[in-house]
Amino acid sequence: MSDNREISLFELLIMMWRKTKKGISNLFCFIKTSLCLSVKYFWIVIPVMILFVVAGHIVSLPVNTKYSAEGVATFFTENRLALENEIKTLNSLKNTDRAIFNKQLNLTDKQTEHLREIRVLPVIDFRSDSIPDAIAVANVPSLMSDTLNTVVPYMFSIRFILKGTTDYKPYMEGLVSYLDNIESLRTTDSVAKALTNSRIDFCNKEIERLERFSEYDYFGGGKFAVKTNYRDGITIEPSRRRLYYADIRDLIKEKDFLSAYIANKKNVINFVSPYMAVSCIPRKYILALFLVLGYLSGLFVSYLVQRRKR
């Protein structure tokens, strides 16, 4: 019959201390063994480390380095899904028919060889103030329905994955030109632009109308009004002075947002800046990684040599 009982907090602390003590002891034993092997078989460890450092140097050369050129682009919300599908089609076309891909984006074979992938990443608005706050690290469909991390519907980040070059200008210009030549996207863009302009005109007229009503109520136009009451019948009473401040403020806010929304939308897709943020893994990190891998590989070879001698 098994003896099952609850352990006390003191016993749990003792067990945790023993496990920690054993782990620290094993770590020091590993470090001691590694140092002994490094000194005893330095003629193996050092050459292996040199080989790995040379390999890391070759891998980290600019011609072999992968760069990430990223920029935020705006468009009309109605075109979002179609734009994402078109960019997915371009990635597929690059792998299947490079000649057509070069023609569509007006690129040379050498430029296409440098391009690895075109990625689309959502832009997140954490504060829900219509101002983008961050760029998502991956294009996850569930982000579109996430209520905590609001995705900006009229904006996403385009990332060009390049190898051996940081010249992103041809790819930006080629993508903008290609999307402008798609009739369905261009038609949707024109309709959305016309609807947005008409909404801005409506806001301007409504603001002007409410301002006139506000002046009329305030300066005497609405001092008295006819009131009906089922007890007293028809009476003349002072009317409430409504200045429409809240309505005017909301309309001005909407008009300003729509004006900023439609500004600089000359093309189907518009980059907010002619420049992109270019990044890559720092070369020193790659060399440090290969140095550590070289040291561990040298220790492993030394351990095999030691076992064979025994």
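A few remarks follow.
- When only alpha carbons are used to place a centre, segment 158-208 and segment 52-86 end up 21 Å from one another.
- Pairwise label distance in nanometres, LEU81 with LYS266, each label 7 Å out on the Cα-Cβ vector: 3.1
- One chain, two ends: PHE257 and PHE30. Fully extended at 0.36 nm per residue, the span grows by 75.4 nm beyond their Cα-Cα distance.
- Straightening the chain between ARG18 and THR96 buys 22.1 nm, computed as 0.36 nm per residue apart minus the Cα-Cα spacing.
- Taking amide H positions as modeled 1.01 Å from N, with prolines and chain starts lacking one, the residues under 5 Å from THR65 and 5 or more places away or on another chain are GLY164.
- Working note: Karplus 6.51/-1.76/1.60 with θ = phi - 60° gives segment 257-269 the couplings 5, 5, 5, 5, 5, 8, 5, 6, 9, 7, 10, 4, 10 Hz, where Gly and Pro are set to x.
- Summarising the label geometry, the points placed 7 Å from Cα in the beta-carbon direction at ILE286 and LYS110 lie 2.1 nm from one another.
- Between ARG116 and ILE161, LEU162, LYS163, the built amide H atoms are under 5 Å apart, and every one of these is 5 or more places off in sequence or on another chain.
Taken together, the values in this text are just the output of simple stated rules run on the coordinates, not laboratory data. This structure is a prediction, so every number in the text was calculated from the model and none was measured. A quick note on method: Cβ atoms are made from the backbone with ideal geometry, for glycine too, and the neighbour counts reach across all protein chains shown.
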